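The values are calculated or read from the model by the stated rules, or taken from the named source; none is laboratory data. Given the structure is predicted, the values throughout are model-derived calculations rather than measurements. As a convention, Cβ positions derive from the backbone with ideal geometry for all residues, glycine included, and neighbour counts pool all protein chains shown. For the accessible areas, the whole protein counts, side chains as well, though only heavy atoms, and no ligand, DNA or RNA atoms are used. Shrake-Rupley method; radii C 1.70, N 1.55, O 1.52, S 1.80 Å.
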Amino acid sequence: QVQVVESGGGLVQPGGSLRLSCAVSGRNSDFYAIGWFRQAPGKEREGVSCISSGDGSTYYLDSVKGRFTISRDNAKSMVYLQMNSLKPEDTAVYSCAAGRASRWNPKSNRDYIWDYWGQGTQVTVSS
């Protein structure tokens, strides 16, 4: 049993920044990779970024590369998503998930089995 809780969402103007936090707790919680997802109104959920539990390798959705940065603080059992140069199309509910690799060389959110999910936090980018 693992608990995942996101925070840090809010309303920001285009070009602004937000930092999302994902707190992970529970038995063997340090074993899991962490992924960030988002779902905008009328669209399907997409994987934004993820970070492994081993070597800390990262993945980013093409549309957020160069703007978003994922990081992990193992001592605090926290994962962060720093979002800069935000655009209106970044508006969505952002969710954090903990999971396990489904292949030997995971490279994206699609290469993990996501076992535990947070409740989601709203990010709105608007003037």
Taking the criterion of being touching a residue at least 40 places away in the same chain (Cβ under 8 Å) and acidic (Asp, Glu), would at least one residue in segment 71-85 satisfy it?
no
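Give me the strands (runs of 3 or more DSSP E) completely within segment 30-74, filtered to those with at least 3 residues that are open to solvent by 30 Å² or more (accessible area, probe 1.4 Å) and modelled with pLDDT of 95 or more, ordered by residue number. Break it down stepwise before answering.
Details: elements: 33-39, 46-51, 58-60, 68-73.
In segment 30-74, 58-60 are the strands (runs of 3 or more DSSP E) which contain 3 or more residues that are open to solvent by 30 Å² or more (accessible area, probe 1.4 Å) and modelled with pLDDT of 95 or more.
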Which ones in segment 76-94 are open to solvent by 20 Å² or more (accessible area, probe 1.4 Å) and either under 22 Å from Ser29 (Cβ atoms) or part of a strand (DSSP E or B) (or both)?
Lys76, Ser77, Met78, Tyr80, Gln82, Val93
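Just checking, how many residues over segment 4-29 are open to solvent by 70 Å² or more (accessible area, probe 1.4 Å) and modelled with pLDDT of 95 or more? Working first, answer last.
Step one: list which residues in segment 4-29 are open to solvent by 70 Å² or more (accessible area, probe 1.4 Å), which gives 5, 11, 13, 19, 27-28.
Next, from what is left, pick out any that are modelled with pLDDT of 95 or more: 5, 11, 13, 19.
Number of matching residues: 4.
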Looking only at residues in segment 103-127 that are open to solvent by 60 Å² or more (accessible area, probe 1.4 Å) and under 14 Å from Ile51 (Cα atoms), which one is modelled with the lowest pLDDT?
Lys107
